[in-house]
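Working notes, beginning with the structure itself.
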Amino acid sequence: MKKQYKRALSIAGSDPSGGAGIQADLKTFSACGCYGATVIVAVVDENTVGVTGVHPVPVPFVVGQIRSVLDDIGTDAIKIGMLHSSELIRSVKDTLSGYAIKDIVLDPVMVATSGDKLLQDEAISTLKEELIPYVRVITPNIPEAEILLGKNIRSQKELPLVVKDLSFGRSVSVLLKAGHLTEDELTDVFYNAETDEMMMLISKRITTKNTHGTGCTLSSAIAAFLAHGLPLTDAVREAKNYIDRAIMAGAEYEIGKGHGPVHHFFDFWR
């Protein structure tokens, strides 16, 4: 009997600096033991300092990539990253609905680490109303959660209530990331909408400027562990452990003039 890879597919934008987007997703899939495939929705002109421009891939070509991968290779889990327009969001959702894939992780990318806006305003409602209820889990950070809910989040104490609001009536599970808050001890909050359970993921704040692509990496790690067949809560816990170790391992490296990447392959190169 021939061996089978655990497969993970990323639908996202490309980052030429290698720290975020498709490039970070592929590194994460590989580090977490999956065969990675990709669908590129945009070519982004960026580096560790910031985003200069976004060149969208035509929507029919994005749809073609999805079908080419799924009709041939298939996948065990999907990570969705930056989808910049309402048309693209609808097309990705409609195309995926033709395949029996349950494990879909959405990183609702709206703002880059540098502060640059990546999502068109009119696409936000489409994301909330059409794509978020369709996926299994979303992984917003604090600025993204504020955009989705239309209100400010000021402290760690608010997160357990906020994370339930983000589940939109238990239609989707939520990992709310606390890194943008100011506390020394960070508590990411995971709400499993399937079991109505909440999990606190506590970690010490790591002092480093190398945080480029952390959201991409975390969401891809969740998808990878789901591809391996882990229960949802366990997949989130393992992914959180992976990103914490990747940040720690990459904290002292110097790449670029701005926010450098995490160390995706910390278990392989020491």
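Some points to look at:
- In this structure, Tyr134 and Glu252 have a Cβ-Cβ separation that, at R0 = 35 Å, corresponds to a calculated FRET efficiency of about 0.30.
- Integer Hz, Karplus 6.51/-1.76/1.60 couplings in order for region 11-20, x for Gly and Pro: 10, 6, x, 9, 10, x, 7, x, x, 9
- Calculated mean residue ellipticity, 222 nm, the chain: -10000 deg cm²/dmol, from DSSP H runs (n ≥ 4) at -39500 (n - 2.57) each, averaged per residue and rounded to 500.
- The chain, accessible surface, carbon-and-sulfur percent (1.4 angstrom probe): 52
- Ligands, DNA and RNA excluded, the heavy atoms of Glu87 present near 110 Å² of accessible surface to a 1.4 Å solvent probe.
- 5 angstrom amide H check on Gly258, placed H, neighbours 5+ away: Thr48, Val49
- Amide H contacts of Lys79 (H built 1.01 Å from N, in plane; Pro and chain starts excluded): Leu9, Ser10, Ile11, Val105 sit under 5 Å, all sequence-distant by 5 or more or on other chains.
- 3J(HN,Hα) along region 207-222, derived from phi through the Karplus expression 6.51 cos²θ - 1.76 cosθ + 1.60 where θ = phi - 60°, amounts to 7, 6, 8, 8, 10, 5, x, 5, x, 4, 5, 5, 5, 5, 5, 4 Hz, with x in place of Gly and Pro.
- When both region 193-215 and region 5-81 are represented by their alpha-carbon centers, they are found 22 Å apart.
- Solvent-accessible area per residue for the chain (1.4 angstrom probe, square angstrom): 46
- Restricting attention to region 160-270, lysine pairs at least eight places apart or on different chains and with alpha-carbon atoms under 16 angstrom apart total 5.
- Amide H within-cut-off set for Ser85, under 5 Å, with H built and near neighbours excluded: none
- Region 3-143: mean projected area of Cα convex hull, nm²: 8.3
- Taking all pairs of distinct alpha-carbon atoms in the chain, Kirkwood radius in angstrom: 18.4
- Each semi-axis of the equivalent ellipsoid for region 117-270 is √(5λ) with λ an eigenvalue of the Cα gyration tensor; in descending order they amount to 25, 18, 16 Å.
- Within a Gaussian network of the chain (alpha carbon springs, distance under 10 Å), most fluctuating of Gly256, Gly21, Gly36: Gly256
- Table column - 3J(HN,Hα) (Hz), region 72-86, Karplus curve with 6.51, -1.76, 1.60, x for Gly and Pro: 9, 8, x, 7, 9, 7, 10, 10, 10, x, 5, 10, 8, 9, 4
- Note on surface exposure: Tyr35, Tyr191, Tyr99 rank Tyr35, Tyr99, Tyr191 by accessible area, highest first, 1.4 Å probe.
- A crude spin-label estimate for the pair Thr195 and His228, with each label 7 Å from Cα along the Cβ direction, gives 1.8 nm.
- Share antiparallel - DSSP beta bridges, the chain, percent rounded to 5: 45
- Among Leu230, Leu218, Leu26, residue whose mean-square fluctuation peaks in a GNM of the chain (springs only between Cα atoms under 10 Å): Leu230
- Residue of His55, His84, His212 that the Gaussian network model of the chain assigns the largest fluctuation, springs spanning Cα pairs under 10 Å: His55
- Positive-pole candidate from Ile243, Tyr191, Gly215, dipole of region 145-260, charges at beta carbon: Gly215
- Label separation (Phe61 vs Lys157): 5.2 nm, computed from points 7 Å beyond Cα along the C-beta direction.
- Remark: the Ser171-Lys102 segment gains 23.5 nm on full extension, using 0.36 nm per residue and subtracting the alpha carbon distance.
The values are calculated or read from the model by the stated rules, or taken from the named source; none is laboratory data. Keep in mind that what you see is a predicted model, and the values were worked out from it rather than measured. Cβ: placed from backbone, ideal geometry, glycine included. Neighbour counts: every protein chain shown. Ligands, DNA and RNA are excluded from the accessible area calculation, which covers all protein heavy atoms including side chains. Shrake-Rupley method; radii C 1.70, N 1.55, O 1.52, S 1.80 Å.
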